[in-house]
Every structure is written in structure tokens, then in C-alpha cells.
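Here the structure comes first, spelled out in C-alpha cells, and everything after it is commentary.
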Amino acid sequence: QTQVEQSIFAGGRNRANYLLSQLGVSAAEIQKVQSKEDLALMVKQAYYSILANEKALEVAKTAVVNLESHLNVAKNFCDVGMVPKNQVLEAEVELAQAVQNQTDIERELTVSRTKMNILLRQPVEQPIKVVDTLRYTRFPLSMDQCMQLSLDESPEIQLGRNQVESSAKNVDVARSGYYPQMGVTYTNTSTGNTSRAHGGWSNDDAGWNVAAVATFNFWEWGRTKAQVEKSKVELNRSVNNLTALEDDIKLEVTSNYQSLLSAAKNIDVSAKAVVSATEDLRMVRERYMEQVATNTEVLDAQTRYSNAQYDHYQSLYNYNLAWATLERSLGRQVLPSGLATAAKTAGM
């Protein structure tokens, strides 16, 4: 006997399950995009960290060279009795601190390069050299454009909306219990002791019939009602989660955009501070050579010069990192000329 059954009506359960499966595939694709964008952000963070530490190391090395030069001058003055011994000692202390600072930055640079190698799935000890991209470029989008783009294309928002649709389909699945289940059954029967009967070829002893079958569970409406109410609660929770997620995205975009603007302003201010600190250090050194300025003034000027350079490079680092973080919030890559195409974003 061979029997084939085909469902005709299941109260919408079959269609709802099919749509749920499609939503599951879509959710998996969105999660894949999320993972790619998270990885892209981590690579950018490691990249800019390497550049920032390289710039900091340059400043630290310059400070060590300048302090060594000043120490030699102080020793020469001390040898001829022009300055007391404590100025030499003070210069030696400042030089020792500068050397320690250089050592710390070298360690941070090594860690940054190791992290990049790990992200690139390369041996951690492999030498890595990155191109200097720490510079200022005007961000092409306004705050309102960023907000709208993030609400339209952010993977997190897309995943939240997907969850709302899935919860709505689960309500349809639960409601299918209120309706009868209908289907068609085809049965073929062959009877006999020969291979012809076994194969269903015997016309004398074979028969078939087609029947329409309907089943309806009258006494399970209480359970069905509970399942429907439960699915409605889950739908309401998904809607609330989406609303909260939208609020979080708005706050995140606002914070990242303001960080971008703040870093942009600091770049200009810090660049002017570097120029002033450079001239200040030059003048104090010349005055010290004429014994018009004190040893402390020279050391303080050197500290101001180093700090001004640190602050300038840190502002560039903060600006570029804020740009990358804002891109992650938007769900799209942003170029100086405007938005990148979706294909470029997907291929990051």
C-alpha cells in the first residue's frame, strides 16, 4: 500500500512558517554584515592605534635628544662654574623620565602591532608597517543625514525590525490552532503473491482512492488562546525592544558625531599650540645659552613642546577614530566625497 498526503489548509500555519524561515535567513545575513562591520572597526582601531603610537614615539625620541643636548650644555656650564650642580642633576632626572616614557610607548606600539597581526591572522611577531593616514578631512554628512541613515541602514535596526516581523508571524502560527486542518490523501493498494502485485502492476488486485480529510480539535481552544496571548506578548516585547534600540542608535550617533566635531576643533587648536611651543622652546634655549633663563624654564619649555605635539597627534587620532566609529553606527562607509555604495560597504 502506498499513501500520499498533501495539506491544503492549515489555518495559515504553513505560510507563516515559510515566512519565518525566510526571516531567519535574512537575520543570518544581517548578523553576517554585523560581524564584518565589527571586524572592520576593530582593524581601523588597531590601525590608528599603531599610527598614534608611532607619532608618540617620534615625539618621545625628540624629547630624549633635546634633553640630552641640554644636559651636555648644563654640564659644560657647571664645569666652568656658571651654574650650580643641582641644574645638572635636575636635567638628568628629566632625561631619565623621558627615556622611561619612550620605553613605555615602544611597548604600547609593540602591543598595537601584535593586535593588528592577530586581526589579520598573521604571526604575532611578523613586522608590520602602515601608511600614515592621520590627517584631517572634512566629514561630508550633516547630523540629520547621519541620524536618518543609521535608522534606515544600521544592521542593529534591521535585525530589530526582522525580530518584530518574526514575532508577528509567530502570532499567525499560534492562531492557526483555531482553524480546522484540511488535506487530500491518495491511497494505492495492490494485493497478490507475485512481483507484479508487489510493484503495483496487477490490474486485477489493485485499487486506489482519493479522500479529502478535515481534522478539528474542539477541546484545545484554551491552549490555543494561551499560545496566541503569549505570542502577542512576545510581539509587544519585540516592538518595545525596537523602540529602545532606535533611541540607543540616536544617542550613539549623536555622541559619535559630537566627538567628531570636538576632535576637528582640537586639531586646529593643537596645531597652533605646536607652533607656539616650538618658538617658545627655541627662545628659552637661546636665553639659557646667554644665562638669562633658568634651567627650570628650559625643562618646562621642553615639556610644553612635547605635550603640544602629543595633543596634536592625539587629536588627529581621535578624529579619525570617531569617523570610523560613526561609520559603524551608520552601517555604511563614508568617503570624503560622500557615502560609499552599498557594494563597497558589503565588501569591506
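The figures follow:
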| read-out | value |
| --- | --- |
| Full-extension gain in nm, Asp152 to Ala211, via 0.36 nm per residue minus C-alpha separation | 16.2 nm |
| Heavy atoms of Glu5: accessible area, 1.4 Å probe, square angstrom to 10 | 130 |
| Area accessible to solvent at Met182, 1.4 Å probe radius, in Å² | 90 |
| Selected from Thr341, Val269, Asn101, residue furthest toward positive end of dipole (the chain; charges at beta carbon) | Thr341 |
| Whole-angstrom gap from the stretch 223-244 to the stretch 38-90, using each part's C-alpha centre | 62 |
| C-alpha long axis of helix 155-175 to longest principal axis of the chain, angle in ° | 20 |
| Under 22 Å from the Cα of Lys55 - lysines, other chains or at least 8 residues apart | Lys44, Lys115, Lys129, Lys265, Lys272 |
| Farthest toward positive dipole pole in the stretch 26-104 [+1 Lys/Arg, -1 Asp/Glu at C-beta], among Ala28, Leu41, Asn72 | Ala28 |
| Potential extension, Thr103-Ser255 segment - 0.36 nm per residue separation minus Cα distance | 51.3 nm |
| The chain, helix-only ellipticity at 222 nm - DSSP H runs n ≥ 4, -39,500 (n - 2.57), divided by all residues, nearest 500 | -26000 deg cm²/dmol |
| Highest-MSF residue in the chain out of Leu120, Leu261, Leu245 [GNM, Cα springs under 10 Å] | Leu120 |
| Alpha carbon centroid spacing (whole Å) that separates the stretch 128-146 from the stretch 148-181 | 36 |
| GNM top mover of Gln122, Gln45, Gln309 - the chain, alpha-carbon springs below 10 Å | Gln122 |
| Positive-end extreme of charge dipole, the chain - chosen from Leu51, Ile118, Val88 (charges on Cβ) | Ile118 |
| Å² of accessible area per residue within the chain, as computed with a 1.4 Å probe and no ligands counted | 59 |
| Computed magnitude of the charge dipole of the stretch 217-348 (debye, nearest 20; Cβ of K, R +1, Cβ of D, E -1) | 640 |
| Rounded to the nearest 10 Å², the accessible area of Leu19 at probe 1.4 Å | 30 |
| Most mobile listed residue (Tyr136, Tyr186, Tyr288) in the chain, GNM with C-alpha springs under 10 Å | Tyr186 |
| Percent accessible area from carbon and sulfur atoms, the stretch 23-72, protein chains only, probe 1.4 Å | 57 |
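The values are calculated or read from the model by the stated rules, or taken from the named source; none is laboratory data. Note that the structure is predicted; figures quoted are calculated from it, not measured. Every residue, glycine as well, gets a Cβ built from its backbone with ideal geometry; the counts of neighbours run over all protein chains shown. Quick note on the areas: whole protein, heavy atoms, side chains included, nothing else; ligands and nucleic acids left out. Shrake-Rupley method; radii C 1.70, N 1.55, O 1.52, S 1.80 Å.
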